[in-house]
Structures are given as structure tokens and as C-alpha cells.
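> I'd like to ask you about the structure that follows.
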Amino acid sequence: MTSQSPILEISDVSLVFGGVRALSDVSFSVQPGELFSIIGPNGAGKTSMLNCVSGRYTPTMGSVSFKGQDVTGLKPNDRAELGIGRTFQNLALFGHMNVLDNIMVGRHHLLKNNFVNGPLYWFGGAQKEELEHRRFCEDVIDFLEISHIRKATAGTLSYGLRKRVELARAVALRPDLILLDEPMAGMNLEEKEDMARFIIDLNEEWGMTVVMIEHDMGVVMDISNRVMVLDFGRKIAEGLPDDVMANKHVKKAYLGEEDDDSDEDEQVA
Amino acid sequence: MAGFSLRPCGDFRTTYRQDTRIFDTTYIRNAAILGIFAVAMIPFVLDGYYVNLFIQISYFAIAALGLNILVGFTGQISLGHAAFFGFGAFASAWINNTTGIPVLLSIPLAGLMTAAVGMLFGLPAARIKGLYLAIATLAAQFILEDFFARAEWFTGGSYGAAANPINVFGYEIYDDFSFFYVALFFLVVMYLLGTNLMRTRDGRAFVAVRDHYLSAEIMGINLTKYRLMSFAISSFYAGVGGAMYGHYLGFVSAEGFTILLSIQFLGMIIIGGLGSVKGTLMGTVFMVLLPEVMESGVSALSVFEWASSTAVTDGLAYIKEMAIGLAIILFLIFEPDGLAHRWQQIRAYWKLYPFSY
Ligand SMILES: Nc1ncnc2c1ncn2[C@@H]1O[C@H](COP(=O)(O)OP(=O)(O)OP(=O)(O)O)[C@@H](O)[C@H]1O
Ligand SMILES: [Mg+2]
């Protein structure tokens with residue numbers, strides 16, 4: 001695995017908001033096919049790190065490269081086209097659309113119909129293309145076991161289901177790298193188990209490289225190939241789950257003061 | 001309510017194709033087709049007054065659908081829609097008068113020209129939103145009005161421009177009776193195109209931009225492109241509606257395209273339902289008929305002795321003018337989702353009758 005060139009390479013990324021240093025000189029790389037987790041206390045800069053990868057934030061310093069291409073200056077939509085998909089810590093579905101349309105939006109960059117042949121629907125090939133992609137979306141829907149709500153308005157769903165629909169939408173993009181920001185936050189045990197299974201399947205069956213932020217240490221230790229720990233915007237450890245757990249900096253910074261890892265305050269992703 | 005569907009029991013969909021149809025059921029589709037045929041009978045059974053009302057409804061409804069694509073579906077705002085409507089009217093007359101291109105072709109061409117102008121004035125939308133965008137589009141309204149008054153080569157200045165009648169296969173459409181069918185044709189075509197747009201890629205992108213622009217961008221949607229595209233398509237519809245208006249009246253003058261008409265367009269889509277294609281049509285019907293109904297109400301009252309004093313007739317005239325504003329306010333308060341939503345409720349009620357759950 002180490003001999004391959006990394007799919008994602010973060011070099012000396014720093015991110016400053018006014019006086020706040022959200023990230024300081026963070027470097028790491030993720031190999032194709034890995035399931036890589038980022039952990040750390042609240043406000044450590046985990047979401048900020050994902051935002052730098054997905055293009056929501058541009059690092060103040062340092063660079064992000066994806067599949068060997070420097071994407072530091074690219075806009076989020078261009079990165080989506082290159083194959084980066086993500087879900088958000090606080091939900092970010094298209095609330096008034098139904099579940100199916102939400103997922104179809106994920107196909108946006110793969111669809112070719114437009115404002116000219118889309119309106120001509122039956123004549124310009126748009127119908128045929130839409131139906132083909134609909135088929136793919138139905139596969140995603142089956143995989144994530146949400147077929148019973150496919151016509152429901154996204155905004156009316158329960159929290160757990162919305163998280164799942166968001167994952168479906170990101171999967172529909174067919175990304176090579178999928179970024180998951182606390183996919184299991186606020187879920188009960190059963191929902192967490194389902195979600196863990198989906199993530200493993202995405203990684204192993206669908207061949208997606210996964211970078212995941214998660215507070216549930218049990219899940220992180222169980223399913224991750226490697227783990228990175230952030231604290232106050234700095235990387236304090238990186239390695240195999242067991243090694244990271246044994247690291248004394250980690251114990252001190254994160255696990256030592258562990259009070260409860262359940263619901264976190266949501267903040268702008 | 002989540003996965004609620006209005007299909008009758010036993011009407012299952014077995015292919016994705018059936019599931020993506022415009023109308024929920026074959027029954028509704030047939031009803032709609034029947035409805036179009038019924039409307040097509042209007043010139044034969046009703047008098048010219050209703051034919052004229054329908055023609056008004058059709059060109060306003062086309063322009064209003066454009067505004068709904070911009071405001072209701074994409075979540076932007078425009079206070080200058082009437083100016084684009086006017087631009088389309090002048091453009092089509094100008095194209096036809098200067099090049100001799102047949103009117104039937106100059107109408108869509110005027111739509112394209114208006115789309116280009118709309119995109120130009122939509123440029124600020126790439127950077128600003130909300131109130132600031134509203135002000136920017138207000139500027140478009142006034143700049144274009146000024147342009148209409150000054151650009152004599154294009155609009156005829158204060159004299160206005162003559163617009164030739166539509167010519168279909170050598171047959172000139174002078175009277176309301178035959179224009180009615182041209183209007184019906186344009187209405188059906190433009191609404192079908194709009195409906196299809198909203199169920200394909202770019203229409204979904206509009207709604208995505210409206211509902212959550214940050215995640216739309218993460219899903220690969222170029223925000224600037226779609227915000228501008230929405231202005232272009234919106235103006236295209238305004239331009240086509242305006243062009244029809246011009247060729248219907250036979251004459252275009254700048255006075256009609258004021259901010260008042262822009263507000264009325266907004267009224268149509270608010271009353272009909274933001275983000276609803278069929279609601280747009282309902283809202284337009286409402287807005288065109290409201291003054292007519294008020295008018296006949298007022299004249300019905302005038303048979304009474306007390307109603308013929310000048311104080312009362314003046315008062316009634318005011319009420320008539322205020323009715324539109326009042327209707328918009330009442331809808332915003334009591335039915336913010338518009339007529340389309342109310343219609344949905346009524347359908348749901350009858351489907352479930354007599355059980356109210
Ligand atoms: N847009 C922003 N503007 C200003 N400060 C920000 C912004 N985004 C993040 N921050 C700050 O950066 C720091 C890191 O935030 P971030 O959201 O990355 O933390 P996190 O590790 O994801 O925390 P949590 O576990 O609570 O989600 C915090 O101090 C936060 O207040
Ligand atoms: Mg976070």
C-alpha cells in the first residue's frame with residue numbers, strides 16, 4: 001500500500017481566521033483504498049481540514065493535492081468533478097426536494113443534458129439519459145436501504161434518515177474520495193451499526209477511499225486503517241489505530257479529558 | 001405526510017419511466033389534455049371579452065413562469081421583470097420591422113435577445129444576494145425604461161413602435177379569434193418546456209442552489225453559471241411573453257412596462273405558489289381576473305341608489321386598485337405556499353374523503 005502514490009496529499013496546511021489558527025502546518029497523506037479517520041476534541045480543526053480538501057476553504061498556507069494534481073486553488077464544484085464527494089457535519093440536504101431528486105443532484109457532473117435539450121425532454125435524448133442515471137441512483141438507494149422514503153421530502157425526514165440520504169447523495173457522485181464529517185453523530189446504536197456497515201461496504205465493495213471524522217472511538221478503532229489526531233489545529237499523532245491509542249500525547253489531549261463522546265454542538269461546516 | 005402520494009390504490013408504477021411522468025396518473029394527464037381541448041372551445045362558446053382575457057392570461061403567464069424560475073426555483077429576486085417583458089415586445093417588433101423575419105420566428109428570437117440582456121443585468125447576482133440583488137434589478141428596471149424612451153432606432157422613442165400581426169403560412173392573424181389559438185399554442189409549449197426543465201439536470205441544479213447553495217457547490221454545481229443561467233432563462237420567458245403582447249396589440253409603447261407591472265408579476269407567482277409551474281398559471285389567472293371581477297362587482301352595485309353617489313364610486317374605485325395589493329398581503333399571511341398548495345390540499349382531501357387522516 002505504501003508504495004502507491006497517495007490519492008490525497010496535504011502538505012503543511014495552515015488556516016487562519018482573523019486571530020484564530022484553525023490549522024497549523026498539518027501534513028498527511030491518504031493512500032488509495034484506505035479508510036482514514038481524523039479524530040480530536042471539539043474545535044480541533046477537523047471540519048476545517050475537510051473543508052480545505054473539499055474546497056470550501058482555501059488554506060492560508062500549504063497545498064492540497066488530489067490524484068497527483070494540485071487542487072489548492074480549485075473551486076468546490078471543480079473538485080467534485082475530479083472525484084471528491086462529501087457529507088456535512090450539520091445536515092445540508094436540499095430540504096424541499098424529495099430524496100430521489102437530492103440523490104439525482106449527485107449525478108450532476110455526470111449528466112450531459114442541459115437547459116436546451118432538457119426542456120425538449122422526449123426529443124433531445126434527455127429522457128433516456130435521466131432514466132439511465134435514475135437507475136444508478138436506485139442502486140444507491142437500495143444499497144443504503146432508503147427505498148421506502150425515495151419520494152419523501154428531504155426536509156421532513158428524521159435526523160438519522162437525513163444523514164443516510166446525505167451519504168446517498170455523496171455516493172451518487174461516484175467519487176474516488178469520500179469525506180464523511182461525523183456520519184454517526186446523534187445516532188442510536190442500531191443506526192450506528194448500519195452506518196458503519198455502509199462505510200465499510202463503500203470502502204471495500206465500491207472501492208472508495210474514505211476520510212472520516214468521528215467521535216465514537218469504538219467505531220473509529222474498529223473500522224479505520226489509519227487514524228490521525230488533531231488538537232488545537234496541530235497534528236499530534238498519526239498511525240495504526242492501536243498505536244495511536246497508546247500514544248501518550250493523545251491520551252493527554254483527547255482521551256484523558258474525555259467526558260462523553262455523544263452529541264456535539266453543531267457548527268457551520 | 002412524508003412519502004405521501006395521491007395515486008389511487010392499485011395504480012402501481014413498474015418502470016422508472018412511468019415514475020418520471022409529468023402527471024401523477026393517466027387520469028390526471030387525460031384530464032389535462034381534455035382541459036386544453038375545453039379551453040380551445042372558448043372562442044366558439046364564449047364572447048370576445050373572454051377570448052381577450054385568455055390571451056392576456058397566456059402572455060402574462062409565460063412571462064410569470066420566467067420570473068418563477070428565477071425567484072421561486074432558484075431563490076433569486078427581480079424587481080425588473082416588466083422591463084424585460086417590454087424589451088421582448090420592442091425587440092420582436094424591431095427584428096420583424098428591420099429584417100422582415102416572420103413574426104412567428106421573431107418572437108423566439110426576441111426571447112433570445114432578452115435573455116442576453118437579462119444575463120447582463122443578472123451579472124451582479126454572481127456576487128450579491130437578497131436585498132442588494134433586489135436593488136440591482138430595480139436599477140435594471142429604470143435603466144431599461146430610460147433606454148425605451150431614448151433609443152428611437154429600437155423603440156420609436158415616444159411614438160412607440162408598430163408591431164406587425166403574426167403571419168401563419170401566409171394567413172395574417174388580425175382578430176382575437178385566431179390569435180387565441182396562437183396564444184394557446186405558445187402557452188402550452190412554454191409550460192411544457194418549463195416543466196421539462198424542472199425535471200432535468202439544470203432545473204434540479206436551480207432548486208439545489210436555492211435550497212442550499214454551499215452543498216450545491218460541493219455537489220459539482222457551478223454557482224455563478226447557474227445564477228446567470230436562471231436570469232437568462234427567466235428573461236427569455238419574459239421576452240417571449242412581451243413579444244406576444246406586442247404583436248397582439250399591434251403597437252408597443254414604453255408606458256406599460258413600469259415597476260408596477262414588475263410587482264404584479266411578483267404578485268402572480270406569490271399568489272400562485274413560488275416554485276410551482278402550475279401555480280404560476282393559477283396565480284396569473286387570479287391576477288388577471290381579479291380586477292375584472294372587482295369591476296363587475298362595482299358596476300353591479302351601481303344599480304343601488306346609495307352606490308351612485310360620487311363618494312361611494314370613488315371609494316369603490318380605490319378598493320379595486322388596492323385589491324391586488326391586498327390579495328398579495330393576504331396570501332403572504334394565510335397561504336404563503338400559494339394556490340398550488342391549496343389545490344394539493346383539496347386533492348388530498350377528496351382522495352381521502354371521508355377519512356381525514
Ligand atoms: N468560518 C470560520 N470562521 C471563523 N472561525 C472558524 C470558522 N470555521 C472554523 N472556525 C474555527 O476554527 C476552529 C476549528 O473548527 P472546526 O469546525 O474545524 O473544529 P472541529 O474539529 O470540526 O470541531 P467539532 O468536533 O466541534 O466539529 C474553531 O475554533 C472554530 O471556531
Ligand atoms: Mg467539526
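> Relative to the Cα centre, what is the charge dipole magnitude of the stretch A:61-212, using +1 at the beta carbon of each Lys and Arg, -1 at the beta carbon of each Asp and Glu, and rounding to the nearest 20 debye?
500
> Oh, and also: List, largest first, the extents of the alpha carbons of the stretch B:59-211 along their principal axes, each in whole Å.
Principal axes ranked by extent give 48, 38, 23 Å for the Cα atoms.
> To the nearest 20 debye, what charge dipole does the protein assembly as shown have about its Cα centre, counting +1 at the Cβ of each Lys and Arg and -1 at the Cβ of each Asp and Glu?
1200
> Which FRET efficiency value, to the nearest 0.05, do you get for A:Ile200 and A:Asn114 by plugging their Cβ-Cβ distance into 1/(1 + (r/R0)^6) with R0 = 35 Å?
Calculated transfer efficiency: 0.40.
> How big is D for the stretch B:224-308, in µm² s⁻¹ as a whole number, if Stokes-Einstein is applied with the Kirkwood radius of its Cα pairs at 37 °C and 0.692 mPa s? Present the calculation step by step, with values, prior to reporting the outcome.
Values: Rh = 15.5 Å.
Translational D for this selection: 212 µm²/s.
> So what is the orientation-averaged projected area of the stretch A:91-174, using the convex hull of its C-alpha atoms, in nm²?
Directional mean of the projected Cα hull area for the stretch A:91-174 stands at 5.3 nm².
> Taking chain B as a Gaussian network, where each spring joins two C-alpha atoms under 10 Å apart, which residue of B:Ile143, B:Ile328, B:Ile62 fluctuates the most?
B:Ile143
> A follow-up question, please. Take B:Leu120 and A:Lys151, extend 7 Å from each Cα along the Cα→Cβ direction, and tell me the distance between the two endpoints in nm.
Result for the modelled spin labels: 4.7 nm.
> Measure nothing fancy, just the Cα-based angle from helix A:159-172's long axis to the longest principal axis of chain A, in degrees from 0 to 90, nearest 10.
The two axes meet at around 70 degrees.
> Using only the alpha-carbon atoms, how far is helix A:126-143 inclined from the longest principal axis of chain A? Give it as 0 to 90 degrees, nearest 10.
Helix A:126-143 sits at roughly 40 degrees to that axis.
> Here is a follow-up. What residues have an amide H closer than 5 Å to that of A:Arg86, excluding those fewer than 5 places away on the same chain, when H is modeled at 1.01 Å from N in the peptide plane?
Hits under the 5 Å cutoff: A:Leu179.
> Tell me, what is the FRET efficiency for A:Asp78 and B:Lys320 to the nearest 0.05, using R0 = 51 angstrom and their Cβ-Cβ distance as r?
The value I calculate is 0.40.
> Next question. If we sort A:60-67, B:45-52 on the protection proxy, mean other Cβ atoms within 10 Å, highest first, what's the order?
Put in order of decreasing packing, that is A:60-67, B:45-52.
> Then there's this: Counting only Cα, what are the radius of gyration and maximum Cα-Cα distance Dmax of the stretch B:80-159, in Å?
That works out to 13.7, 42 Å for Rg and Dmax.
> Can you compute the charge dipole magnitude of chain B about its Cα centre, using +1 on each Lys and Arg Cβ and -1 on each Asp and Glu Cβ, nothing else charged? Give it in debye, rounded to the nearest 20.
1600
> How far is helix A:189-204 tilted, in degrees, relative to the longest principal axis of the Cα atoms in chain A, given as a value from 0 to 90 rounded to the nearest 10?
80
> Which lysines have a Cα lying under 17 Å from the Cα of A:Lys46, excluding residues fewer than 8 positions away in the same chain?
Within reach: A:Lys235.
> Give me B:Leu67, B:Leu249 ranked fewest to most by other Cβ atoms within 10 Å of their Cβ, as a rough exposure proxy.
Ordered by Cβ neighbours within 10 Å, fewest first: B:Leu249, B:Leu67.
> Return a whole-number percent for the relative contact order of chain A, with Cα pairs under 8 Å and 6 or more residues apart as the contact set.
26
> With a/c under 1.5 counting as rounded, go ahead and sort the stretch A:157-220 into rounded, prolate or oblate using the C-alpha gyration tensor (a ≥ b ≥ c being the square roots of the eigenvalues; past the cut-off, prolate if a/b is larger than b/c, else oblate).
oblate
> Kirkwood hydrodynamic radius (Cα pairs, Å) of the protein assembly as shown?
27.3
> For chain B, set up a Gaussian network in which alpha carbons nearer than 10 Å are linked by springs, and say which option among B:Ser230, B:Ser309, B:Ser178 fluctuates the most.
Highest fluctuation among the options: B:Ser309.
> Okay, next question. Just counting partner chain Cβ atoms within 10 Å, what average do the residues of peptide A:167-180 show around their Cβ?
1
> Something else: Given a Förster radius of 60 Å and the C-beta distance between A:Asp70 and B:Leu330 as r, what FRET efficiency does 1/(1 + (r/R0)^6) yield to the nearest 0.05?
Efficiency for this residue pair is about 0.60.
> Within the P(r) computed for the stretch B:62-123, what percentage of the Cα pairs occupies the region above 19 Å?
Cα-Cα pairs of the stretch B:62-123 separated by over 19 Å account for 32 percent.
> Let me ask another. Cut-off under 13 Å on the C-alpha distance; same-chain residues fewer than 8 positions from B:Lys225 excluded. Which aspartates and glutamates are left, in chain and number order?
A:Asp78, B:Asp202, B:Glu217
> A follow-up question, please. Please quote Rg/Rh for chain A to two decimal places, taking the Kirkwood radius as Rh and restricting both calculations to Cα atoms.
Expressed as Rg/Rh, it is 0.98.
> Could you list the residues of the stretch B:142-171 with an amide nitrogen less than 12 Å from a label point located 7 Å from the Cα of B:Leu260 in the Cα-to-C-beta direction?
From the stretch B:142-171, the list is empty.
> Please compute, for peptide B:204-211, the average count of beta-carbon atoms on other protein chains lying within 10 Å of each residue's beta-carbon.
Per-residue shielding by partner chains comes out at 6.
> Counting only helical runs of four or more DSSP H residues, what would the 222 nm mean residue ellipticity of the protein assembly as shown come to if each run contributes -39,500 (n - 2.57) and the total is spread over all its residues?
Rounded to the nearest 500, it is -17500 deg cm²/dmol.
> What number, in percent, do you get for the relative contact order of the stretch A:1-133 if the mean sequence gap of Cα pairs under 8 Å and at least 6 apart is divided by its residue count?
Working: 158 pairs, mean separation 25.5, N = 133.
Relative CO of the stretch A:1-133 lands at 19 percent.
> Eigenvalues of the Cα gyration tensor times 5, then square-rooted: what semi-axes does that give for chain B, in whole angstrom, largest first?
Calculated on Cα positions only, the semi-axes equal 31, 28, 23 Å.
> A further question on this structure: Neighbour counts of other C-beta atoms within 10 Å: give me B:Tyr318, B:Tyr59 arranged from fewest to most.
B:Tyr318, B:Tyr59
> At a 10 Å Cβ-Cβ cut-off, how would you order B:Phe23, B:Phe334, B:Phe148, A:Phe198, fewest neighbours first?
Ranking B:Phe23, B:Phe334, B:Phe148, A:Phe198 by Cβ neighbours within 10 Å, fewest first, gives B:Phe334, B:Phe23, A:Phe198, B:Phe148.
> If you don't mind, another one. Which of the lysines could be linked to A:Lys151 by a straight reach, that is with a Cα gap under 17 Å, when you skip same-chain ones fewer than 8 residues away?
The qualifying lysines are A:Lys163.
> In terms of modelled amide H atoms, which long-range or inter-chain residues lie less than 5 Å from the amide H of A:Arg234?
Answer set, sorted by chain and number: A:Ser24.
Readers should treat all values here as calculations from the given coordinates under stated rules, not as data from a laboratory. Not measured: the values here are computed from a predicted model. Every residue, glycine among them, receives a Cβ derived from its backbone with ideal geometry; neighbour counts consider all protein chains shown.
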